[in-house]
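In what follows, a structure is listed as structure tokens, so that the remarks can point back to it.
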Amino acid sequence: MWVDGQLRDAMTPPPTSAWPGHARSLLCITALAGTTACASTVAEKPPSTPERIAIADYAALTRAVESGDLVRAVIHFARCRLKADGNESPGPNAVGGMDLGTFESFAPMLFNNPHGFLAASEARLISHARYGYVLDYVKLRIYDDDRVDVVAQYLDPKTFELKMDELFECRLGAQGGVELSYVGAGAASRR
């Protein structure tokens with residue numbers, strides 16, 4: 001068998017470098033007469049999915065965003081406390097998510113704030129069963145003691161009249177309701 005211009009023994013599989021990025025297999029059958037026939041197959045390896053890296057605390061979050069990594073937040077509202085209309089209750093059985101692509105980070109006491117925090121928000125137009133079309137505004141404020149405030153508001157897209165206003169008090173981590181993660185080039189070596 002010829003591999004990369006070299007004659008190789010049919011029983012010896014080609015080197016891995018013969019087809020980089022591909023998986024190979026070699027099947028050989030020896031007949032009763034002592035002759036051996038081999039067939040080699042080459043299959044392209046499936047593309048690997050980058051592994052998401054969990055962010056455990058505020059310090060890891062600031063390192064990630066300041067390094068340019070795109071952080072993703074997944075919010076499990078049932079693990080948070082809901083404050084709305086003067087009442088407090090467990091959050092609903094709902095999950096939301098957003099990227100923290102645009103953010104601001106503030107040091108403690110910059111504005112007489114006792115804790116440093118990172119804030120990120122986004123708004124999108126949605127169709128709601130009761131309110132019709134509204135701007136769905138979500139803001140995360142993540143504090144240096146790992147508390148997280150999630151503000152969810154519905155606004156009239158023409159007048160900006162507030163239709164709904166909810167505050168969810170959460171914490172970082174799976175049990176606290178807000179899970180953060182990122183995929184960064186070489187970022188794993190920084191953590």
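Nothing in this text is a laboratory measurement; each read-out follows from the coordinates by a stated rule. These numbers were taken from a predicted model, which means no experiment stands behind them. Glycine also receives a Cβ, built like all others from the backbone with ideal geometry; neighbour counts cover every protein chain displayed.
Ordering of 162-169, 126-133 by packing is 162-169, 126-133, highest average first (other Cβ atoms within 10 Å, averaged per residue).
Between Ala123 and Val183, what FRET efficiency follows from the Cβ-Cβ distance if R0 is 30 Å, with the result rounded to 0.05? Mind showing how you got there, number by number?
Numbers: r = 25 Å, r/R0 = 0.83.
For R0 = 30 Å, the calculated efficiency reads 0.75.
Would you mind computing, in nm to one decimal, how far apart the modelled labels at Lys139 and Ala174 are, each placed 7 Å from Cα along Cα→Cβ? It works out to 3.2 nm between the two label points. Taking 7 Å steps out from each Cα toward its Cβ at Val151 and Tyr131 produces label points 1.4 nm apart. Between the C-alpha center of segment 95-118 and that of segment 136-159 there is a gap of 11 Å.
Amide H contacts for Ser181 (H built 1.01 Å from N in the peptide plane; partners 5 or more residues away or on another chain; cut-off under 5 Å): Ile55, Arg72. Sorted into 5 angstrom bins from 0, the C-alpha pair distances of segment 56-184 split as 2, 10, 19, 21, 20, 15, 8, 3, 0 percent. Karplus-derived 3J(HN,Hα) values for segment 161-176, using 6.51 cos²θ - 1.76 cosθ + 1.60 with θ = phi - 60°, are 4, 6, 9, 8, 9, 10, 10, 10, 9, 10, 9, 5, x, 4, 6, x Hz; glycine and proline are entered as x.
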